[in-house]
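Below: the structure, in structure tokens.
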């Protein structure tokens, strides 16, 4: 139960009354107290039963981070009395649910709908904690209150900020297509079809044999290879927890991975996902044709960095142990951390590169570059030296990886997604997939 | 789950299902939870009331004839009643004392300072013997004229009778040290300045004055000749033990009476109102929602840590090496040189673009046995600036 400000006001009026009427005898105090208690109990007894209220949930089940999602509650009043209630739809603070409480009146046997807007500020699943109904009596003095479990969850999907780069990269991809094949012709292109020669076509692409069979000159057209396999690997170990700007490395990696997935999906390649630290955190396999983008977005959403050292041996074994025996492009989204790389991935890299094409993408921290450029007093210069040391180690690891035949993309948080897309397009153009 | 509930939302309202969605404790739940402790409390209270029902609180006070406390005199009264069959009447105000006193009884007066002059005069008119314990001078004047307080001994003194009074002589030493008197016909337990026990005869009755209450107190009764002395003095046909109550303050007004009549009931009501206020503000609309928060680690933390370490240890050689390798990695690609290029080749290539002296460039980029740039912090700052300048020269 609960009482209202009105009841408190009444009690203070009672204080005045008792003070003034006290000479009549002490019974005044007991009379006023009794009257107040009687009013409160009557009001409580007349309030609709908050436990019997039926609540049903509904609304959005997913939302892109930064956007609004509306969820609703249907409050049904099976009681014989009118329900005058304050309903609190309780979500975790990071769900940013509003309004916090709803005031509503539900006549006997009827139902009302209340809507809560969520604007999650954190990626992942947001669960409704509970719904509390406070049902006031007709006098508005006392209320019955109970808390209900009305499960509902809204999945806050990664924001996919790099979506804006998609049209540009797609048009770049189309340049590889048959019509524009003039630029590139080689391993990376496969035969598409024959068509009549039009002035301007590269004479080298004339198919003389076909021309001989017909009366017109025929040229071959080309298109980039299709149905290649990509495996996006997210490292969810401790290095992914580090914040670059205000966002963890993992989220930058996801953003880049999503752009790559969207792009590769349009290019006709099949993308799979693996998230790994000491065990598999998420996995998406490509089932036949069709884009896996939605499945990958869903799989990525609940991932959180784990504060453990990633197990590179296990990661390599997992990648090699997957059913697909065909060659694929393994895009490893991790950090170029010297200690972790030298002890973990580098010794095991040759096993991976022997079977697959490997691309390592890492988010560089602009803060370190900023530190490297600072000058002035001794402290700044020591900071610059420390930053240079970090950068030198990154360069060394990059060189080491390239020596193993691994492509490396090392870019800042803003550039990592387009840089990775560019690397993919250039690999595709060169036919190295 | 989602489709289920939305589907149900479109169906007409029905009676609530057997299992309510409520997770908070209802009235029945609260009752179930509190009834155990409540039963215990009620049981304990009932037991307490039952136990205390027959108990009469015994008065506690100095020289109180019913007091079982160390300073009370209940033991003496009990001995007189049970062992010597002396009827002991207890009087707590003058009226009772006057009514009980008879010609053959001994009136024991303690705490005479609680009596007014008028009451003392009424006592003076009573028949029978008297035993005054540490009386005030006013009481002496009224009841035993002629006796004077002439000294004060140590309360802890045990004195010898040294007199002919039968009661004292047979009792022997007693803890009678206290006020000392003189001017009476019989004087016992002498000390410096007077005697602790004196007796005067006024007509048919005797008045005995005892300078200390110790011999009659429960705590000392068993020692020396205390008990014997008191029994000798009191064992007779009857004792009226007069312990005057503390006189009431009479005309002085009670501070409560000065308050407005509505104050106390008003305060009671205010308490109730404040309780309601606390309930109103304190009742939350449902429990708090906890959330698992992510760790916040800056990615640049290790780099910053290393910078602080360099600063703390003044690690100039390490810092200079890091700065130089940074500069080299920026200069080499611009000159078309690889990472394995020998220092000489790099210095030569740089000197073609820079107006600086090759020796100076070498010292700047590679240091040497006596590195001028690691002498102190200022030199290190200069190294950083000059490396920047060199980088610009190569770029242009």
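Details
- Within segment A:40-51, none of the residues are farther than 23 Å from residue B:25 by Cα and in the same structural domain as residue A:125 (by TED's automatic domain parsing).
- If you go through segment A:141-164 and keep only what is part of a loop (DSSP other than H, G, I, E, B) and facing chain B (nearest Cβ under 9 Å), you end up with A:149, A:150, A:151, A:152.
- Being farther than 21 Å from residue B:300 by Cα and in the same structural domain as residue A:236 (by TED's automatic domain parsing) is a description that does not apply to residue A:308.
- The helices (runs of 4 or more DSSP H) found entirely in segment A:303-404 that carry 3 or more residues being at negative phi and either within 28 Å of the chain's Cα centre (by Cα) or at the interface with chain B (Cβ under 8 Å from one of its Cβ atoms) (or both) are A:312-321, A:366-373, A:378-403.
Okay, residues lined up against (1) in contact with a helix residue (DSSP H, G or I) (Cβ under 8 Å, 6 or more places away or on another chain); (2) within 16 Å of residue B:130 (Cα to Cα):
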| residue | (1), (2) |
| --- | --- |
| B:160 | no, no |
| B:170 | yes, no |
| B:173 | no, no |
| B:177 | yes, no |
| B:185 | no, yes |
| B:195 | no, no |
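- Meets criteria (surrounded by 13 or more Cβ atoms within 10 Å (Cβ to Cβ) and either facing chain A (nearest Cβ under 7 Å) or assigned to a helix (DSSP H, G or I) (or both)) for residue B:378: no
- Taking the listed residues B:124, B:99, B:117, B:142, the one that is crowded, with 16+ Cβ neighbours inside 10 Å and under 49 Å from the mean Cα position of the chain (by Cα) is B:142, with no other qualifying.
- Exactly one residue out of B:39, B:55, B:44, B:139 is under 20 Å from residue B:234 (Cβ atoms) and either outside the structural domain of residue B:184 (by TED's automatic domain parsing) or part of a helix (DSSP H, G or I) (or both), and it is B:139.
- The strands (runs of 3 or more DSSP E) found entirely in segment A:1-120 that carry 2 or more residues being more than 7 Å from every other protein chain (Cβ to nearest Cβ) are A:62-64, A:69-76, A:83-91, A:101-106, A:111-118.
Residue-wise test of (1) modelled with pLDDT of 90 or more; (2) more than 8 Å from every other protein chain (Cβ to nearest Cβ); (3) in a loop (DSSP other than H, G, I, E, B); (4) more than 30 Å from residue A:51 (Cα to Cα).
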residue: B:250; (1), (2), (3), (4): no, yes, yes, yes
residue: B:275; (1), (2), (3), (4): yes, yes, no, no
residue: B:280; (1), (2), (3), (4): yes, no, no, no
residue: B:284; (1), (2), (3), (4): yes, yes, yes, no
residue: B:295; (1), (2), (3), (4): no, no, yes, yes
residue: B:312; (1), (2), (3), (4): yes, yes, no, yes
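- Residue in segment B:339-370 that is surrounded by the fewest Cβ atoms within 10 Å (Cβ to Cβ), counting only those that are in a loop (DSSP other than H, G, I, E, B) and within 14 Å of chain A (Cβ to nearest Cβ): B:340
- The residues listed here are B:211, B:194; of these, the one that is within 22 Å of residue B:151 (Cβ to Cβ) and under 45 Å from the mean Cα position of the chain (by Cα) is B:211.
- Within segment B:327-338, restricting attention to residues that are within 14 Å of chain A (Cβ to nearest Cβ) and touching a residue at least 40 places away in the same chain (Cβ under 8 Å), the residue that is surrounded by the fewest Cβ atoms within 10 Å (Cβ to Cβ) is B:330.
- Of all residues making up segment A:260-272, the number that are surrounded by fewer than 24 Cβ atoms within 10 Å (Cβ to Cβ) and either facing another protein chain (nearest Cβ under 10 Å) or under 18 Å from the mean Cα position of the chain (by Cα) (or both): 2
- Residue among A:211, A:216, A:221 that is within 28 Å of residue A:176 (Cα to Cα) and part of a strand (DSSP E or B): A:221
- Only listed residue being modelled with pLDDT of 90 or more, part of a helix (DSSP H, G or I) and away from chain B (no Cβ under 14 Å), chosen from A:167, A:138: A:167
- Hey, residue A:237 over 19 Å from residue A:421 (Cβ atoms), crowded, with 22+ Cβ neighbours inside 10 Å and in contact with a helix residue (DSSP H, G or I) (Cβ under 6 Å, 6 or more places away or on another chain) or not: no
The values are calculated or read from the model by the stated rules, or taken from the named source; none is laboratory data. All of these numbers come straight from a predicted model, not from anything done at the bench. A quick note on method: Cβ atoms are made from the backbone with ideal geometry, for glycine too, and the neighbour counts reach across all protein chains shown.
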